[in-house]
Amino acid sequence: MADPGAGAATVIDAPAKVRSVTADVGGLGRVRALGFVTPAFVLIGTFLIFPALWTIYIGITNYQLTGPNAVVPKVVGLSNYLEALDDALFGNALWLTLVFVIGSAVLGQNLLGFALAWTLRSARPWLRGLVEALVLLAWILPGVVVAYLWIAVLDRSGGTLNALLGTPGTAWLLQYPMACLVVFNTWRGTAFSMMLYSSALAAVPPSQLETARMVGASRLQTVRDVVFPHIRGHVLTNTLLISLWTFNDFTPFLLTAGGPNHRSETLPIFIYQQAIGGEGNGRLGYASAISLLLLLANLVVSLVYLALLRRRREP
């Protein structure tokens, strides 16, 4: 007579066997699988985790670039962070960074990139290719080259802008430094938004656009009621990426070096001035503390956008 318990044991052991098979699909084994991923872990640890931990450690010390504190730094706890929160120059840099991000990324690159993508979708192929090539050229050129081109355009004596406007002697980078930086970054970074929105608009059903045109909807109404619901996720993704890039952008230093009188000193420039530039006497500990605050600001911005994306996906 067959043992009834044998069938039950087979049924009970089946899931365990399935799990053991699916756990190692390639048949490598844990040791060999770990050997394949170890180089990646080493690179991540060397170039990401260790520098981050080292920055956190330096941020709680009085470590300096030169002098006795460069040899034997002392742990000062949260003094650097408390000093930063009480530093008027840090507050000024944080405010200018927000102006720079909102003006040139959230509004400038977003709106101009969408406007170009929306306009060029119905343009002739040669015109579309020409405009896209010019916009991409501004994006792929090295930052140093672009910065010196803009210095030539905005020069007070022989600048192109003064020649076109008939305003000789106007020192744009000295009188309107933040406005110049916002326009500069908008012009330079619009290409990414334009390409992303061009791809997103291609997925909008033409039948819905044609229906909106037949019922007499204006362009603004079409964008608001037909186009935007389809590309809302792309808008949030684009805004997140360009905001983070702009938040950490150091290119403005090539135009104004944070001047005049700290009027264009964004956080990356402020950190550089405190650590290496000379104004902070090489205070690497203080600069590292501010770097961590900048990282936390980036994290907050990312969490806000991710929360908006999650809310959009919920039914």
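Quick rundown of the values:
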read-out	value
Using a Förster distance of 35 Å, the FRET efficiency for Ala307-Leu89 (Cβ separation, nearest 0.05)	0.65
Förster radius 30 Å - calculated FRET efficiency between Thr167 and Ala133 (Cβ-Cβ, nearest 0.05)	0.45
Net charge of neighbours whose Cβ lies under 15 Å from the Cβ of Leu174, counting Lys and Arg as +1 and Asp and Glu as -1	0
Theoretical gain in end-to-end length, Thr160 to Thr237 [0.36 nm per residue, Cα-Cα removed]	24.1 nm
Gyration tensor verdict on the chain (Cα atoms; rounded if a/c is under 1.5, prolate if a/b is larger than b/c, oblate otherwise)	oblate
Inter-part distance where the stretch 262-282 and the stretch 106-159 are each reduced to a Cα centre, Å	29
Qualifying trypsin sites (Lys or Arg not before Pro) in the stretch 23-83, DSSP loop, other Cβ atoms within 10 Å at most 15	Lys74
R0 of 25 Å, Cβ-Cβ distance Gln175-Leu141: FRET efficiency to nearest 0.05	0.45
Mean residue ellipticity (222 nm) of the chain, computed from DSSP H runs ≥ 4 via -39,500 (n - 2.57), nearest 500	-21500 deg cm²/dmol
Extension reserve of the Leu299-Phe41 stretch, reckoned as 0.36 nm per residue once the Cα distance is removed	90.6 nm
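Laboratory data are not the source of any read-out in this text; all were calculated from the coordinates shown. Keep in mind that what you see is a predicted model, and the values were worked out from it rather than measured. Virtual Cβ from ideal backbone geometry, glycine too; neighbours counted across all protein chains shown.
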